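A short worksheet on the structure shown next.
The values are calculated or read from the model by the stated rules, or taken from the named source; none is laboratory data. Every value quoted in this text rests on a predicted model; they were computed, and no experiment measured them. FYI the Cβ positions are ideal-geometry reconstructions off the backbone, even for glycines, and counts take in every protein chain you see. Areas reflect the complete protein model, heavy atoms only, side chains present, ligands, DNA and RNA absent. Shrake-Rupley method; radii C 1.70, N 1.55, O 1.52, S 1.80 Å.
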Amino acid sequence: MTYKELLKESAQRVGNCLCMGLDPIRTALPYQSGDVGEDLKRFFNDLFGAMIKGRLVPAAFKPNIGYYTLFDNPRQGEFKGSAALGELFNLLEEVFPRIPVILDSKRGDIALSSANYASEAFDLYRSDAVTVSPYMGSDSVAPFGERGEKGFYLLNRTSNVGAKDLQSLVVVDQVDEKELYPLYMAVAHRIGRYSERWGNVGAVVGATSLMELEELAAYYASREIPLLIPGVGSQGGSGSETVAILREVNYPLYLARINSSSGLTHPWKGEAAPKDWLDISIANLASLIEECSL
């Protein structure tokens, strides 16, 4: 099954296009035993158990690697964070079979280094897709594209506040008759070309800039290029507004994955987890699944 086929099948099976980010903050975890590996295991077991009980299954999961390797101490030979991430992948495969897991690592380097990063994502963690930076060009992207059935998402118009610093710069686009475009649109044209070469490429487009989202979704709709859309929840993006824009430009919802992270796993932010933390997370998840229904 190709990555696009997996996206379509999983979305249609669960009836939504929500992606659940799994980026736990240590101090926000409901369990504080001192053993971060055990605390994460308990947290995810309880959360996923409640999700299964409530029949609340998103159409993808997206752990960010930096939230796990933070707990490694390589110079002391300790890799608790990486081990916890590996256990999370095992648990997701067991509890939510055939639901795509996207490793958010934003890799991208010269060709051999990129091949190593592709191996990290696809061979070591056995993820279904990975996020990649496009800014070193086609030779840095190729090792991900050449992985056939695996998917990869190129950063296009991201959801962070500082995205406009570079991504909105006006440039001469060599792909499209040397016309002037914002850089994010020039990158989109490259992604369009890459899609013709590798059918497993997608784009990261944030939900926090609705005009750009509409422009890019319209460009990608007929090309059937998968979209990973972060920024819903604590960053200010709206699931319902995002879905409305995608529908308006006739973008195929089953190829979209609208992501929310902290709003689902620790909406209490910097405070200690409340006693009813599980009820809060499950209620937020149910609400977003409804907003992101197909």
Suppose we keep only residues that are assigned to a loop (DSSP other than H, G, I, E, B) and within 30 Å of residue 294 (Cα to Cα) within segment 20-33. Which one would you say is modelled with the highest pLDDT?
22
Are any residues in segment 275-294 in contact with a helix residue (DSSP H, G or I) (Cβ under 6 Å, 6 or more places away or on another chain) and exposed (fewer than 14 other Cβ atoms within 10 Å of the Cβ), and if so, which ones?
none
Please work out if residue 87 is at pLDDT 95 or above, of a type in the set (Asp, Glu), open to solvent by 40 Å² or more (accessible area, probe 1.4 Å) and under 22 Å from residue 26 (Cα atoms).
yes
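Residue by residue, here is whether (1) within 18 Å of the chain's Cα centre (by Cα); (2) open to solvent by 40 Å² or more (accessible area, probe 1.4 Å); (3) within 27 Å of residue 227 (Cβ to Cβ) holds:
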| residue | (1), (2), (3) |
| --- | --- |
| 5 | yes, yes, yes |
| 18 | yes, no, yes |
| 34 | no, yes, no |
| 37 | no, no, no |
Kindly check whether there is at least one residue in segment 98-115 that is polar (S, T, N, Q), within 17 Å of the chain's Cα centre (by Cα), under 23 Å from residue 66 (Cβ atoms) and open to solvent by less than 50 Å² (accessible area, probe 1.4 Å).
yes
For segment 112-161, name all the residues that are among the β-branched types (Val, Ile, Thr) and at pLDDT 95 or above.
130, 131, 132, 141
With the condition kept exactly as written, say whether any residue in segment 140-158 is open to solvent by 40 Å² or more (accessible area, probe 1.4 Å) and either touching a Pro at 6+ places or on another chain (Cβ under 8 Å) or not in a loop (DSSP other than H, G, I, E, B) (or both).
no
Taking first residues from segment 59-84 that are over 16 Å from residue 261 (Cβ atoms) and second residues anywhere that are surrounded by 17 or more Cβ atoms within 10 Å (Cβ to Cβ) and of a type in the set (Asp, Glu), the pairs with Cβ under 7 Å that are 6 or more apart or on different chains are 78/72; 79/72; 80/72; 81/72; 82/72
Which ranges mark the helices (runs of 4 or more DSSP H) fully within segment 34-110 that have 3 or more residues being within 20 Å of residue 278 (Cβ to Cβ)?
36-53, 80-95
Do we have residue 65 as modelled with pLDDT under 95 and among the β-branched types (Val, Ile, Thr) here?
no
Restricting attention to segment 162-195, and to residues there that are modelled with pLDDT under 90 and among the basic types (Lys, Arg), which single residue is nearest to residue 217 (Cα to Cα)?
164
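Residue-wise test of (1) open to solvent by less than 10 Å² (accessible area, probe 1.4 Å); (2) modelled with pLDDT of 90 or more; (3) in contact with a Leu (Cβ under 8 Å, 6 or more places away or on another chain); (4) under 15 Å from residue 189 (Cα atoms).
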| site | (1), (2), (3), (4) |
| --- | --- |
| 202 | yes, yes, yes, yes |
| 212 | no, yes, no, yes |
| 220 | yes, yes, yes, yes |
| 226 | yes, yes, yes, yes |
| 239 | yes, no, yes, no |
| 253 | no, yes, yes, no |
| 257 | yes, yes, yes, no |
| 273 | no, yes, yes, no |
